[in-house]
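Quick notes on the structure that follows.
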Amino acid sequence: MLQLPDSSGAATAVRRADYAAPAFWIDTVALTFDLDPAKTRVLNKMTLRRNPDVPAQALRLDGDELNLARVLVNGAGCSFKMDGSQLVLENLPVQGSFELEIFTTCTPAKNTKLMGLYVSNDSFFTQCEAEGFRRITYFLDRPDVMSSFSVLLRADKARYPVLLSNGNLTEQGDLEDGRHFARWVDPHKKPCYLFALVAGKLVAREQRITARNGREHLLQVYVRPGDMDKTEHAMQSLIKSVIWDEARFGLALDLERFMIVATSDFNMGAMENKGLNVFNTKYVLASQATATDVDFANIESVVGHEYFHNWTGNRITCRDWFQLSLKEGLTVFRDQEFSMDLCADPSARAVKRIEDVRVLRTAQFPEDAGPMAHPVRPDSYIEINNFYTVTIYEKGAEVVRMMQTLVGRAGFAKGMTLYFERHDGTAVTCDDFAQAIADANPDSALAKLLPQFKRWYSQAGTPRLQARGDFNAAERTYTLTFTQSCPATPGRDSKEPFVIPINLGLVGASGAALRLHIQNDLTSVGDSHLFVMTQATESITFENIPEEPVPAILRGFSAPVILDFDYTDAQLLTLLAHDTDPFNRWEAGQRLALRSAIQSIADSPDGIRAKGLNHAYIAAMRAVLRHPTLDAAFKELVLTLPSETYLSEQLDVVDPQRVHATREAMREQLARELADDWQWAFEAHSANGSYVPDTLSSGRRALAGLALSMLCLAARQSGDTVWPGKAYQRFKDADNMTDRFNALAALVHTGHELAKPALARFHSLFQNEELVLDKWFALQAGCSDRAGQVLPAVRMLMKHKDFNLQNPNRARSVIFSYCSANPGAFHRADAAGYLFWSEQVLALDAINPQVAARLARALDRWKKLAVPYRTSAQEALKRVAAKASLSNDVREVISRALA
Ligand code: 0A1
Ligand code: ZN
């Protein structure tokens, strides 16, 4: 087990194996809040009873940074003691229910951690997941304790005219001294992490809808008064979500009122509190003038995600936090499917799949190979907030997707129905979910292989799938042999084989899909086959194969593995041009680019003398770009080179500067050699009409944006001024943020002299738009580095009047954009980037440990770095570790990195 060098000994690991049911149940909770930023009073009246299944013991209630004023049992004073931050009550009634009343106060105005009850822009918000409720009152702060909540809110009426909590508004009215009240009753039992309250000066866009079953619902999106004009898209996304969940899974809205509230101070994206979702403004507010197409798409998927949690997370919740992926993996899967189902055509679906895989491979694969690697269902943690990870979310979603692949779409829907029949209203485990999907499909491969399949939940690390193809001309057979392995991860060296669903096909040399005849299997037909691998090594043989085919393996990315196949360039070009699966076409292009980059890095220490991209690759890219029928979004993905992060993951030792220089040289070559084609692409996709953020026109704008950036890059090489001039013009004239921002980014990344006036103009145009200012900061901090100018610029940005370290969005837009998203600028030979990182981790830790711990992860992969980066990164990590008063959040990340 991980040893923490914390002398206080405060942090201890929580282990999944230690799970024990709670000793008490809390059936009802009546909360009364007198809201005041400086001192909020919280009266908490609970009815409790002992859990008959657990031996009698003391009641231990969690608390954090609370001032305790009074404790009454059945209306009378009682003895209690404190054990650390827990309130311990012994001698409680043995039989039946009893009432426990606790009166505490807290200080929302000083709550910079943004967990529990806090103030943002003079409004009150709460964030309780995972363990924030204990910062509001003493409670059994664990997800398997589900209670009926009623909430009375009291506050100054002029300052906080809107008072919201979960469920239904049952009463409201005025009080003395300009105060007023509202009473909310939640008809559904819930764990306390789903509790929420909001109070402030807010306005709402409202929409009444009638569901299929005839029930009426009120949907509301609450924002600050000036933001009303940016709520239409969120509302439409919510309506689409309600319709989709009912149509696809038969899951109807179970609330009379469903509210979304936006706040600009939020640690994460959004939170699924029952009936009262609280969102980061970034995932609510959008207008043509202020939000990009990507923002619009993100809003749709985050609104969907939170809404879908209403069933997967809220109606059925997690038994303990080790089961976090039960709700998160499943809900990400559901939001991915939602976004795909909203796509007008199959090609747009494929684009969404490629984008999701790209996130998985650039963020989750590195996590799974680094010091924070953990199984989808972890075995232990020190700080649960550190486990809201891409592994729990994105890899968890891939595990659910594989289940769907193994039982089919209809079978998966049946499994979901059984899951709700069995577990609605309870707190369960990942095992319960997998069992329901398997039991609903008793003849499926999943049911037959369930115990082995569940290794996806228990074993960390990205499996490697090695494939080899053998063509036997005499027998006219082709045999694919697969070997799987999984690297060691912290705490576990050897792994058992996984169940790997491999979707595959064969492509003839001419590009035609071959019909598959599998040896000893007369049932299979068609040109695609799902091979379910279970052993360490396995083969499959195809018959009637006239010539050596090109295997198309892992179509649609059917399993979250790293596939090694020794493709020739010619084979990859065939797949890129012809495979029936768009994901694999894209993948073939990425492999070609990757191969060339790795070769260049090996050949040329500075990335400059490298041979660069070959003719065939350039010609293939031209063919894709000019293709008459492929859609623009797909072209943009194919023509975007693999990221520096992804590239670095392919190397054993990483020199970030060499990686950066190599990729830049490749981009420049693509810009130069396809100059005419980029010009054509820009002109052909810049048609203006009225702005709609749908997949088709977003794709056109994305491709035009890439073309413009390439044209500016080519111009920098040739000294031409026409394209930068055009970019500036487009920046000024654009009628939407996507085109405007793409043009600005093209100037900033190429370091053109017009970037400066453009940035100044952008700032003055949008100085009152927080979310747009975030983009302005992020663009500069994420800017391509040429002369080490980015770090000094970042330090200057932090002195800007609009910078505020306490606001997570702003901190992310500057510090994270530099440390986590700009490797070429961050990994400096003089170690100044790492020094900056350590300063910021420490500064943020004093304000908001959760945000600090995320930043701490920017050096996760330091052991892969080449010298001198490696040594100076280690020094920076040690500098942070040396601080005595680190939060558990940061301490856990840093200790793991240094272990
Ligand atoms: N459950 C939310 C994510 C979330 C998690 C933790 C938070 O605060 C620490 C906030 C939000 C989701 O999946 O959307
Ligand atoms: Zn979620």
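Overview of values
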read-out: Ranked by how many other beta carbons lie within 10 Å on average, peptides 753-764, 371-382 from highest; value: 371-382, 753-764
read-out: Percent RCO, i.e. relative contact order, over region 316-457, from Cα pairs under 8 Å lying at least 6 residues apart; value: 34
read-out: Spin-label pair LYS611/LEU169, simplified geometry with 7 Å Cα→Cβ offset, distance in nm; value: 7.0
read-out: Candidate aspartates and glutamates - alpha carbon under 16 Å from LYS864, same-chain residues fewer than 8 apart omitted; value: GLU367, ASP368, GLU644, GLU649, ASP652, ASP655, GLU875
read-out: Per residue Cα convex hull volume in Å³ - calculated over region 316-457; value: 111
read-out: Distance (nanometres) between label positions extended 7 Å along Cα→Cβ at LEU530 and ARG409; value: 1.2
read-out: Descending principal axes extents, the chain, alpha-carbon based, whole Å; value: 88, 68, 60
read-out: MRE, 222 nm, helices only [DSSP H, n ≥ 4, -39500 (n - 2.57), over the chain, to nearest 500]; value: -11500 deg cm²/dmol
read-out: For region 316-457, with +1 on Lys and Arg beta carbons and -1 on Asp and Glu, the positive-most of SER380, ASN441, GLN323 along the dipole; value: ASN441
read-out: Reachable aspartates and glutamates from LYS157, criterion Cα separation under 16 angstrom, eight or more residues apart if same chain; value: ASP34, ASP36, ASP122, GLU171, ASP174, GLU176, ASP177
read-out: Relative contact order for region 18-280, counting Cα pairs under 8 Å that sit 6 or more residues apart, in percent; value: 16
read-out: Estimated distance in nm for a label pair at THR871 and ASP254, the labels positioned 7 Å out from Cα along Cα-to-Cβ; value: 6.0
read-out: Which listed pairs, of LYS189/LYS230; LYS113/LYS282; LYS775/LYS799; LYS775/LYS878; LYS327/LYS414, have C-alpha distances above 23 Å, in listed order; value: LYS189/LYS230; LYS775/LYS878
read-out: Per-peptide average of other Cβ atoms within 10 Å, ordering 795-805, 860-870, 590-600, 733-743 highest first; value: 733-743, 590-600, 860-870, 795-805
read-out: Sequence-distant aspartates and glutamates (8 or more away, or on other chains) whose Cα lies within less than 14 Å of LYS635; value: GLU355, GLU587, ASP677
read-out: Label point 7 Å beyond Cα of ARG159 along Cβ direction - residues of region 184-211 with amide nitrogen under 19 Å; value: 197-203
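Laboratory data are not the source of any read-out in this text; all were calculated from the coordinates shown. Since we're looking at a predicted model, the values are computed, not measured. Every residue, glycine among them, receives a Cβ derived from its backbone with ideal geometry; neighbour counts consider all protein chains shown.
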